[in-house]
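Below: the structure, in structure tokens.
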Amino acid sequence: MIRAVYPGSFDPLHNGHLDVIKRSARIFDQLTVAVLHNRQKPTTLFDIEERLAILREAIDGLPNVEAAMFEGLLVEFCRQSGARVIVRGLRAISDYEAELQVAHLNRQMNPAVETLFVMTATRWSFVSSTRIKEIAQLGANVDKLVPKASLDRLEARFGPPRV
Ligand code: PNS
């Protein structure tokens with residue numbers, strides 16, 4: 001029984017995230033998608049309840065996937081939830097350097113947890129939550145880039161697409 005954790009800010013969840021979730025769920029017995037709740041630095045567009053609600057709607061129908069919130073160290077959350085694997089998506093080489101550093105630090109803090117990288121699907125390799133928020137705020141239609149749950153919240157925040 002291998003339990004994995006896919007952590008992130010998910011502000012908001014996009015199709016690249018969802019692709020990593022679905023592919024990881026085929027590899028591991030149980031996948032927990034863990035949303036970071038940073039009380040010290042609440043810089044997200046959507047609060048923790050909204051990000052979790054989006055995630056729960058989007059993973060509905062995936063039997064071995066659950067949503068959770070975590071605070072503090074990721075490796076501590078892994079220990080508490082019995083996860084042996086951290087999944088992170090890699091879009092391009094530019095992601096690699098930062099991810100490598102974090103993976104090494106996480107392994108130093110908890111050698112029992114392995115970080116595994118999943119290559120993001122080519123069609124989503126240019127998608128990021130930051131860019132989605134930027135263009136949605138400026139009136140772009142992002143319906144091809146995010147699940148409906150995210151689209152509904154983005155439209156509630158920024159209004160319907162104008163271009
Ligand atoms: O979606 P993001 O913002 O790239 O996700 C980053 C995340 C949440 C995975 C990372 O910031 C994290 O694990 N934060 C919790 C604190 C921690 O354990 N940091 C890793 C050691 S440097």
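The values are calculated or read from the model by the stated rules, or taken from the named source; none is laboratory data. Owing to the predicted nature of the structure, the values given are computational and were not obtained by experimental measurement. When we count neighbours, we look across all protein chains shown, and the Cβ atoms used for this are built from the backbone with ideal geometry, even at glycine. SASA here: full protein model, heavy atoms, side chains in, ligands and nucleic acids out. Shrake-Rupley method; radii C 1.70, N 1.55, O 1.52, S 1.80 Å.
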**Complete:** Taking protein heavy atoms only, a 1.4 Å probe, and rounding to whole percent, the accessible area of the chain owed to carbon and sulfur comes out at 53
**Asked** Once you list every other residue whose beta carbon is under 13 Å from the beta carbon of residue 63, what net charge do they have if Lys and Arg are +1 and Asp and Glu are -1?
**Response** -1
**Residue-normalised accessible area of the chain, expressed per residue, 1.4 Å probe, Å²** = 56
**Message:** I need the peptides 127-140, 108-121 ranked by packing, meaning the mean over residues of other C-beta atoms within 10 angstrom, with the highest value on top.
**Reply:** 127-140, 108-121
**Request:** Highest first, please rank the peptides 57-66, 25-34 by the mean number of other Cβ atoms sitting within 10 Å of their residues.
**Result:** 25-34, 57-66
**Asked** What residue among 107, 39, 23 has the largest mean-square fluctuation in a Gaussian network model of the chain, using Cα springs under 10 Å?
**Response** 39
**Asked** Once every DSSP H run of n ≥ 4 in the chain is given -39500 (n - 2.57) and the sum is divided by its residues, what mean residue ellipticity at 222 nm do you get, rounded to the nearest 500 deg cm²/dmol?
**Response** -13000 deg cm²/dmol
**Request:** Check every DSSP H run in the chain and write down those whose alpha carbon atoms cover 20 angstrom or more along the long axis and whose mean Kyte-Doolittle hydropathy is 0.0 or greater.
**Result:** none
**Item:** Cα gyration tensor, the range 3-126 - rounded (a/c under 1.5), prolate or oblate
**Value:** rounded
